[in-house]
Amino acid sequence: MQRWRGLEHLPGGWGRCVATIGVFDGVHRGHQGLIARAVELAQQRSVPSVVVTFDPHPSEVVRPGSHPAQLTTLRRKAELVEELGVDVFCVLPFTPELSRVPADEFVHEILVDRLHAAAVVVGENFRFGHRAQGDVELLSQLGHRFGFVAEGAKLLTSATNGEITFSSTYIRACVDAGDVVAAEAALGRPHRLEGIVVRGDGRGRELGFPTANLSTPRYTAIPADGVYACRFTLLGSHGQRSLNAAVSVGTNPTFSGRERRVEAFVLDVAEDFYGQRVGLDFVARLRDMERFDTVEGLLEQMHADVARAREVLA
């Protein structure tokens, strides 16, 4: 898969393509359906499929300070898109200037002049252009004018509860509540945090539970305070290695902590992961964060947490 930053350096001889456009935060099951449809149409036409996304998040540019919690880093988003068989992952820098481009000009400049789209697939609630004035109906009208087909796909709902629409907003709410099982159902995989292992205060090692402290990017969607069973994956350049872990999210109230941390106790491995890039896939929530009156009480609970994590991840 090719990865582009902007459209200034399109390959020479670029022909037609099928494009799908969106923020695609989380690349959840609804997004996967859109992207799969774009790939299908591209294969039917024997042209490349292109996913067009934005960085930074448009809301942060339009309304500074309103950036939503981020379900996936840009790197992770690209990896997930590539797994879906896409040919090109195109990131448009979202600037104040781009935010002011009228809807019809956006279509003409990006989809027609640059990408030469033969078809465009979007969600039925897709909005675009200055002040989000463009919608699927306008996109379809512009498609008739400029020679491309526009499809507005229906939003995906839960098979068990048709009132739940799978969306990035819904998944953020699940993660914020610590409901990682519901988040997984909508994502089609466990919610993942990615970051670098940094030095902590060493208290876990003193207690016999050395932890890998994860430093995450700004805006990361971190689950509610509590203890979780997770897959701990080393994301080095020489392949990935997956381990099991019991993970604490919170301020460590037993020791009157104030800084919110993500600390992973990796099961059955005595290694120092300092400086490594890792992913934490949240499989299950084991309990709420608690304050214990004694260190002995905390240790007893930690042993129980590890046993429960081992059982869940077996």
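Using the Cβ-Cβ distance between GLN2 and LEU299 with R0 set to 35 Å, the FRET efficiency works out to roughly 0.10. Our summary gives the chain a relative contact order of 16 percent, counting only alpha carbon pairs under 8 angstrom and 6 or more residues apart.
Rounded to 0.05, the FRET efficiency of the ASP288 and LEU155 pair, given R0 = 30 Å and the Cβ-Cβ distance, is 0.40. Let a ≥ b ≥ c be the square roots of the eigenvalues of the Cα gyration tensor of the range 2-153; is it rounded (a/c under 1.5), or, if not, prolate (a/b larger than b/c) or oblate? It comes out rounded by the Cα gyration axes. Taking the number of Cβ atoms within 10 Å of each Cβ as an exposure proxy, the fewest-first ranking of TRP4, TRP14 is TRP14, TRP4.
Dividing the mean sequence gap of close Cα pairs (under 8 Å, 6+ apart) by how many residues the range 191-313 holds gives a relative contact order of 33 percent. Structural size metrics of the range 191-313, computed from C-alpha coordinates, are Rg and Dmax of 13.5, 44 Å.
The numbers here are math on the coordinates, done by the rules we state, and not lab data. Quick caveat: nothing in here was measured; it's all calculated off a predicted structure. So basically every Cβ, Gly included, is an ideal-geometry build from the backbone, and we count neighbours across all protein chains shown.
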